[in-house]
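Chemist: Here it is, the structure in full.
The values are calculated or read from the model by the stated rules, or taken from the named source; none is laboratory data. In this text the structure is predicted, and so the values were computed from the model without any measurement. Every residue, glycine among them, receives a Cβ derived from its backbone with ideal geometry; neighbour counts consider all protein chains shown. Areas reflect the complete protein model, heavy atoms only, side chains present, ligands, DNA and RNA absent. Shrake-Rupley method; radii C 1.70, N 1.55, O 1.52, S 1.80 Å.
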Amino acid sequence: MCSETADRSNPGSRIDPRLLEILVCPLTKGTLVYDEARQELLSRKAALAYPIRNGVPLLTAEAARPLTDAEIDRL
């Protein structure tokens, strides 16, 4: 489900791996996991999924959706 790198064949799904190394959850300052299929950055500590739109992570609580218990368990 989750991937550390983006699909190079689909420019819409690209996110720079170096960016993933420095981004943190704005609420917990914890690490984020890239979910390539859903185009989201997942925070286990905050139990939130931050969307990526046009290659830009939207790291605000307002843009995030809550993760389900099953999604958290898979992280």
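Chemist: Working only within the range 21-41, note down all residues that are free of Cβ contacts under 8 Å to residues at least 40 places away in the same chain, at negative phi and open to solvent by 30 Å² or more (accessible area, probe 1.4 Å). Can you show your working first?
Modeler: Keep residues of the range 21-41 that are free of Cβ contacts under 8 Å to residues at least 40 places away in the same chain, which gives 21-32, 34-41.
Filter once more, so that each one left must be at negative phi: 21-28, 30-32, 34-38, 40-41.
Selection gives 21, 22, 23, 24, 26, 27, 28, 31, 36, 37, 38.
Chemist: Of the conditions (1) in contact (Cβ under 8 Å) with a residue 24 or more places away in the chain; (2) in a loop (DSSP other than H, G, I, E, B), residue 63 clears all except one; give me its number.
Modeler: (1)
Chemist: Among the residues of the range 40-56, how many are modelled with pLDDT of 95 or more and outside any loop (DSSP other than H, G, I, E, B)?
Modeler: At the first step, the residues of the range 40-56 found to be modelled with pLDDT of 95 or more are 40-52.
If we keep only those that are outside any loop (DSSP other than H, G, I, E, B) as well, we get 40-43, 48-52.
Total meeting the criteria: 9.
Chemist: Tally time: how many residues in the range 42-67 are within 18 Å of residue 28 (Cβ to Cβ) and open to solvent by less than 70 Å² (accessible area, probe 1.4 Å)? Spell out how you get there, then give the answer.
Modeler: Within the range 42-67, the first condition is being within 18 Å of residue 28 (Cβ to Cβ), and the residues that meet it are 42-51, 57-67.
Applying the additional criterion that residues be open to solvent by less than 70 Å² (accessible area, probe 1.4 Å) yields 42-43, 46-51, 57-61, 63-65, 67.
Residues in the range 42-67 being within 18 Å of residue 28 (Cβ to Cβ) and open to solvent by less than 70 Å² (accessible area, probe 1.4 Å): 17 in total.
Chemist: If I go through the range 14-39 residue by residue, how many of them are acidic (Asp, Glu) and in a loop (DSSP other than H, G, I, E, B)? Quick ask: steps written out before the conclusion?
Modeler: The first filter runs over the range 14-39 and keeps only residues acidic (Asp, Glu), leaving 16, 21, 35-36.
Right, trim to in a loop (DSSP other than H, G, I, E, B) and you get 16, 36.
Summing the residues that are acidic (Asp, Glu) and in a loop (DSSP other than H, G, I, E, B) in the range 14-39 gives 2.
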